[in-house]
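Some notes on the structure that comes next.
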Amino acid sequence: MSRRDRLRNPAPWLSDGSTSGYAFRSKRKGDARKRRFGILDAAVVLVVLVAVWSRTPVGALAELAVASITGAPTDDVRPLIAYFDTGTGEAEALTELIAELDPAELAPSDGLPEPWRTAAHVVLSRHAPVEARRALHEAQQEDPEATWLTLLDDRYDGDPTAVLEGLVVESAQRDRAIARALAAGEAHPERWDAHRGYLPLRDRLAGDKVVGQVLALGTALDLTWPVDRPHRISSGWGERHHPVLKTRKFHNGVDLAVPTGTPILAAQAGTVRVGEDRVSGRYVVIDHGHGVRTSYCHLDRIGVTKGQQVKPGDRIGLSGNTGRSTGPHLHFVVRIGRETVDPERLRRAKRRGEPSG
Ligand SMILES: [Zn+2]
């Protein structure tokens, strides 16, 4: 192959001509250096393709398209729209609404139980999809006093996600998705997580808006406090004035002033991740599912290992003063998706729901 040929055809593996192709050229004697570059280029292209496939919305779309063409279950396909993952303050706005709730709005019933009751009330009153609003409108034709909660209470049959899904997904579509999930070997196809991937895209997205958000918010509402001994909060969540740097800085968690060696408790059941860095010191992260995670930083000792399943209230370590910390305390963070929310707000909402006395 002449030099001019190579210039005209800089990426021979992309061409269809067999004579100018890469395989032909690579057989030539004394061309080993060029061949190495060819393999390197191919490797770069491969890395870029893998990155696009696994890390970008374009890849997720391609994955979804392939899955729908081949009829493969779309269960493993990443959700195209992950609620709370845009960082627009949606999770914060929802927890703010929870803090402002009038207890009378949430009179207990023998229908939908807590924490799903509060979560459903807040999510639906903020932005219910059109399908759900239609369901409420129909209920109000018969009973003008009907609300989201009376509607859900009437329909509740022991499964919070089923009654929420019923607001936005027609029962025939739901049955079909459950049948497909069953055929694919799902152990509990009636569960939202198990059959959501078999719903038509439109139903799945509407379901994510209602069921997904209520599951996330309800999971966050169910969190318990990580310290069971008396202590004060030395710094709250949100904007704060940095005492040393004299600047405004966002504090993504709360600081619990506890002496080194105080037992730290898992805020709910979940899967553990552990680590250590210069800022957080020794830390534990617990994934509670539905996009909700809690972090516990500046620990003196970590009492759990990566991948361990913990139960609510399990001792996960001892508080300390490791990392960037000016005194012994626990930095406690609650995340819904990519957003952090105010743990104290969730705690107040939880306390209000508990019987007094
Ligand atoms: Zn802190």
I'd like to check something: does the range 106-129 contain any residue that is outside any loop (DSSP other than H, G, I, E, B) and of a type in the set (D, E)?
no
Would you point out which residue out of R117, R133 is within 21 Å of the chain's Cα centre (by Cα) and assigned by TED's automatic domain parsing to the domain that holds G212?
R117
Across the range 279-302, which residue is nearest to L330 (Cα to Cα) among those that are away from the ligand (no atom under 15 Å from the Cβ) and not aliphatic (A, V, I, L, M)?
D300
Within the range 303-327, count every residue that is within 16 Å of the ligand (Cβ to nearest atom) and either of a type in the set (S, T, Y) or surrounded by fewer than 18 Cβ atoms within 10 Å (Cβ to Cβ) (or both).
8
Select from the range 226-271 the residues that are within 14 Å of the ligand (Cβ to nearest atom) and of a type in the set (D, E) and write down the one among them that is surrounded by the fewest Cβ atoms within 10 Å (Cβ to Cβ).
E239
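The values are calculated or read from the model by the stated rules, or taken from the named source; none is laboratory data. All values derive from a computational prediction rather than experimental measurement. Positions of Cβ are backbone-derived with ideal geometry, glycine not excepted, and every protein chain shown enters the neighbour counts.
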